[in-house]
Amino acid sequence: MDEQINNQPLNLEALRAGDRAEFARLVERYSNQIYRVALKFLGNPHDAEDGLQETFIKAMRALPNFEGRSSLATWLYRIAMNESLMILRKSRPDLVPVEEPDAEDDAGFSGLVLTDWCCLPEEELLSSESRKFLDQAARKLPETLRSVFVLRDVEGLSIRDTAEALGITETAVKTRLLRARLKLREELSAYFGERFAENRSE
């Protein structure tokens, strides 16, 4: 019975009116996704917990003015990304945000050397060590690229929803996603290039 209730659509009017039971359902439904996004972006469970808590505190305060132009999930993702950015900048006051140009220009990637790791066994590609390296590489991305990568490639949001969550255009999402993937591929090329060399020497 409880499961059936939890699967029912959320009542937006009740949420706007401050219904605590409905808000509890909102938290239960989206807390896992919001925590996962914060963790992938911040890389620290404690910071991710803070981001999760602040996201729902801000959401509770803002719900009376929520107009419903986007879905609740997209709206929550937007709050979560803003909170994650604030936490990141508080923990690293020396961090200067790196703005990536949104022009469709791939000149900056013309010198990339991409190693072919096609011959590596699948278990190597999917190993926990490889996934850990990918997470570390993603955290090295500039904020603008990392946010798009986390929402689009990790969470699986559509281009449109990613754009709405970040308050940017769909073209900017596509451009930043391309840049993020190319930067990650460069990192992974070096990593898997070493693995490939090790396998050939055995």
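Points worth noting:
To keep it simple, each residue is scored yes or no on (1) touching a Cys at 6+ places or on another chain (Cβ under 6 Å); (2) modelled with pLDDT of 85 or more; (3) surrounded by 13 or more Cβ atoms within 10 Å (Cβ to Cβ).
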position: Pro121; (1), (2), (3): no, no, no
position: Val148; (1), (2), (3): no, yes, yes
position: Glu155; (1), (2), (3): no, yes, yes
position: Ile159; (1), (2), (3): no, yes, yes
position: Thr169; (1), (2), (3): no, yes, no
position: Asn199; (1), (2), (3): no, no, yes
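- Candidate set: the range 181-194, residues that are open to solvent by less than 30 Å² (accessible area, probe 1.4 Å) and at pLDDT below 70; chosen: the one nearest to Pro142 (Cα to Cα): Tyr191
- Odd one out for Asp135, checked against (1) open to solvent by less than 70 Å² (accessible area, probe 1.4 Å); (2) in a helix (DSSP H, G or I); (3) modelled with pLDDT of 85 or more: (3)
- Residue in the range 61-73 that is within 30 Å of Phe133 (Cβ to Cβ) and touching an Asp or Glu at 6+ places or on another chain (Cβ under 9 Å) present: yes
- When the residues of the range 140-192 are filtered to those that are within 21 Å of Ala73 (Cα to Cα) and among the polar types (S, T, N, Q), the one that is nearest to the chain's Cα centre (by Cα) is Ser147.
- Selection count, the range 171-180, where residues are open to solvent by less than 10 Å² (accessible area, probe 1.4 Å) and either hydroxyl-bearing (Ser, Thr, Tyr) or in contact with an Asp or Glu (Cβ under 6 Å, 6 or more places away or on another chain) (or both): 2
- Note on the range 5-58: among residues that are surrounded by 15 or more Cβ atoms within 10 Å (Cβ to Cβ), among the basic types (Lys, Arg) and without any contact (Cβ under 8 Å) to a residue 40 or more places away in the chain, the one that is farthest from Leu166 (Cα to Cα) is Arg25.
- Residue within the range 64-86 that is at pLDDT 90 or above, more than 23 Å from Arg25 (Cβ to Cβ) and either aromatic (Phe, Trp, Tyr) or loosely packed, with under 12 Cβ neighbours inside 10 Å (or both) present: no
The values are calculated or read from the model by the stated rules, or taken from the named source; none is laboratory data. All of these numbers come straight from a predicted model, not from anything done at the bench. Quick reminder, even Gly has a Cβ in these numbers, built from the backbone with ideal geometry, and neighbours come from all protein chains shown. To get the accessible areas, we keep the full protein, side chains included, count just its heavy atoms, and leave off ligands, DNA and RNA. Shrake-Rupley method; radii C 1.70, N 1.55, O 1.52, S 1.80 Å.
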